[in-house]
Amino acid sequence: MQSLFFDPSANIHFAYPLVEKKISTAEEILLRVNRSIQAEGVFAAIKEDLNFRRFLTRGNANVTVEWYLVSMAYYFSHTHTAPPGCGSEADVSDASPA
C-alpha cells in the first residue's frame with residue numbers, strides 16, 4: 001500500500017550539489033548576511049517600539065490580518081518619523097510642481 005504522506009527529502013537529494021554550489025559563492029554569502037541583518041532590525045523594532053509580543057487571535061487567516069495591521073502600523077510610524085531626504089512620502093509635499 002502506498003503511503004498517503006509525501007516525503008520531500010526523498011525526492012530532492014539530487015539538488016543538493018547545485019544548491020550548495022550556488023549559495024557558497026562570496027556574493028551569495030554576503031546577500032544572506034545582509035538579508036538576515038535587515039530583517040532582524042525590523043522585527044526588533046516591532047517588538048520594542050510597538051510592544052508586539054504575540055498574536056492575540058487564532059487561525060491562519062486571523063493571524064495574517066493581525067500581522068498586516070502590525071506591519072502597516074510599523075510602516076506608517078516609520079515613514080511619518082523619517083528625516084527629510086530619506087524618500088518618504090512627506091518629502092513629496094516639499095517638491096515644487098514641474
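Since every read-out is calculated from the coordinates, none of them should be taken as a lab result. None of these values were measured; they are calculated from a predicted model. Glycine gets a Cβ as well: all are built from the backbone with ideal geometry, and neighbour counts include every protein chain shown.
Observations
- Segment Trp67-Thr79, extension gain: residue separation times 0.36 nm, minus the distance between their alpha carbons: 2.5 nm
- Among 20-31, 44-55, the peptide with the highest mean count of other Cβ atoms within 10 Å heads the list, and the full ranking is 44-55, 20-31.
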